[in-house]
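The values are calculated or read from the model by the stated rules, or taken from the named source; none is laboratory data. All values derive from a computational prediction rather than experimental measurement. Because the Cβ atoms are built from the backbone with ideal geometry, glycine has one as well, and the counts that use them run over all protein chains shown. Only protein heavy atoms, including side chains, enter the accessible area calculation; ligands, DNA and RNA are left aside. Shrake-Rupley method; radii C 1.70, N 1.55, O 1.52, S 1.80 Å.
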Amino acid sequence: MLKKCLLILLLLCGLSGCGYNTMQTQDEAANAAWSEVVNQYQRRADLIPNLVNTVKGYASHEKDVLTQVTAARSRVGSIQLDASTATDPQKLKDYAAAQQQLGSALSRLLVVSENYPQLKADGAFRDLQAQLEGTENRIALARKRYIDAIQSYNSTVRTFPGNLTAMVFGLKTRPNFSVENEKAIAAAPAVSFAQPASAGQ
């Protein structure tokens with residue numbers, strides 16, 4: 001009986017040093033960071049109907065852009081991704097793509113608004129635009145924190161001796177949030193200061 005108790009005690013001490021608790025803590029930190037990403041994306045989605053309605057009042061004939069924003073918001077709303085399903089690489093990729101489409105549609109909407117001086121002067125529009133810009137900054141910060149949390153967790157799961165513990169308990173690395181056109185973003189833009197050739201030459 002005493003040998004059994006000593007063996008259990010020895011196993012418990014061994015488990016405390018194997019990294020399992022660290023992995024669980026880091027996994028929970030990644031889940032919390034993901035929840036904040038979703039929270040900020042939801043904040044952006046909540047601003048969109050008011051923004052669209054304000055623009056519609058001044059630029060109702062920009063129907064295509066308004067429709068694109070509304071459709072992109074609807075697509076984002078149809079993809080439910082919580083912390084438990086954020087470990088699925090394909091779902092994470094679909095979610096990121098939908099958010100990117102919404103961001104692009106919003107950018108087009110804000111570009112269109114530049115053509116309407118009365119809209120740009122509208123206090124409600126300026127407030128919504130400022131809130132949207134602030135939310136985009138919060139999204140970027142929340143995504144960075146999530147990426148950092150995933151990097152920390154994945155490093156623990158992949159390095160020795162944590163990788164042995166991860167193997168025993170079936171813990172795997174988590175997919176990270178990436179950008180759709182990562183290669184295009186990584187390429188440096190071509191900049192030329194040469195004078196363009198005139199048509200007569």
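From the convex hull of the Cα coordinates of segment 23-176, what is the mean projected area in square nanometres? With every direction weighted equally, the projected area is 9.1 nm². Within the accessible area of segment 88-179, the carbon and sulfur atoms contribute 54%, probe 1.4 Å, all protein chains present. The residues of segment 23-176 have, on average, 54 Å² of accessible surface per residue, using a 1.4 Å probe with all protein chains present.
Note on K144: aspartates and glutamates with a C-alpha under 20 Å away, same-chain residues under 8 apart excluded, are D27, E28, E36, D82, D88, D94, E133, E136, E180, E182. Projecting label points 7 angstrom from Cα along Cα→Cβ for I147 and E114 puts them 2.6 nm apart.
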